[in-house]
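Shown next, in structure tokens, is the structure this report addresses.
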Protein chains: 2
Amino acid sequence: MTALTDAVKWNADGLVCAVAQDHISKQVLMVAWMNAEALRRTVETGFAHYYSRSRQTQWKKGEQSGHLQKVRALHLDCDGDALVLLIEQSGGIACHTGRATCFYREWDGTAWQTRLPVLKTEQEIYR
Amino acid sequence: MTALTDAVKWNADGLVCAVAQDHISKQVLMVAWMNAEALRRTVETGFAHYYSRSRQTQWKKGEQSGHLQKVRALHLDCDGDALVLLIEQSGGIACHTGRATCFYREWDGTAWQTRLPVLKTEQEIYR
């Protein structure tokens, strides 16, 4: 599967930016990073795998929380440095805070307002 | 407007990842980068400004092509290192190749396939 990874313009750290989007609502759920191994594992297994820059390791999204992301389509941009994954979000929760999406803060002209409810507490998710 | 930029976790280069999404179709159009000045200019003017890592300068999207992006909403993620802009795309073309979105390549299991038509040639856009 060199075709898969050869088209990607990996950054200096060997990573590419990946946007996960709900395949039906089209809501952007999260932005994370992949290394080549995470991208290969994503395609091979059909479930999103990312690379954690803080933990310096590959991880399967939802491994601990159960909030897996089943990949329905995978897109690459014109210059090859960003991916979009159209996914099915298990549990309808992508964010570790228990919200549907990580992008729950909105700029109202003066401040960042929290817009979305916590569907499940972190304690409930990671018990 | 320190509240705007203080909530952002800027990377080592002083940049944050920004995803532009059509405010109606919710199609992801492009992923680019912003520095603090580009984010401030985006909010002040209501039009998307980004930071070019190759040219090392701030730019207004559509300045040359006319394909401006009017910002309808601005979201920040849980850890503050990614933005989503819900925008109105002038001309219905976000990509420099003349396609609606930069994410016109799709993985079909074997190869990256080009899925979207060129609505306007680069020559026509940048004449």
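The values are calculated or read from the model by the stated rules, or taken from the named source; none is laboratory data. On a predicted model such as this, the values are computed, not experimentally measured, just so you know. No Cβ is skipped: glycine too gets one built from the backbone with ideal geometry, and neighbour counts run over all protein chains shown. Quick note on the areas: whole protein, heavy atoms, side chains included, nothing else; ligands and nucleic acids left out. Shrake-Rupley method; radii C 1.70, N 1.55, O 1.52, S 1.80 Å.
Number of residues in segment B:1-28 that are assigned to a helix (DSSP H, G or I) and either crowded, with 20+ Cβ neighbours inside 10 Å or small (Gly, Ala, Ser) (or both) equals 2. For segment B:90-127, the tally of residues that are of a type in the set (S, T, N, Q), open to solvent by 60 Å² or more (accessible area, probe 1.4 Å) and either within 11 Å of another protein chain (Cβ to nearest Cβ) or in contact (Cβ under 8 Å) with a residue 12 or more places away in the chain (or both) stands at 4. Quick check: anything in segment B:80-89 at pLDDT 95 or above, within 30 Å of A:THR2 (Cβ to Cβ) and within 7 Å of chain A (Cβ to nearest Cβ)? Yes, segment B:80-89 contains at least one residue that is at pLDDT 95 or above, within 30 Å of A:THR2 (Cβ to Cβ) and within 7 Å of chain A (Cβ to nearest Cβ). Can B:VAL31 be described as under 18 Å from A:ALA82 (Cβ atoms) and either outside any loop (DSSP other than H, G, I, E, B) or touching a Cys at 6+ places or on another chain (Cβ under 6 Å) (or both)? Yes; evaluated as a whole, the condition is true for this residue. Return a yes/no flag: does segment B:71-82 have any residue that is in contact (Cβ under 8 Å) with a residue 12 or more places away in the chain, assigned to a strand (DSSP E or B) and surrounded by fewer than 19 Cβ atoms within 10 Å (Cβ to Cβ). So far as segment B:71-82 goes, yes, one or more of its residues are in contact (Cβ under 8 Å) with a residue 12 or more places away in the chain, assigned to a strand (DSSP E or B) and surrounded by fewer than 19 Cβ atoms within 10 Å (Cβ to Cβ).
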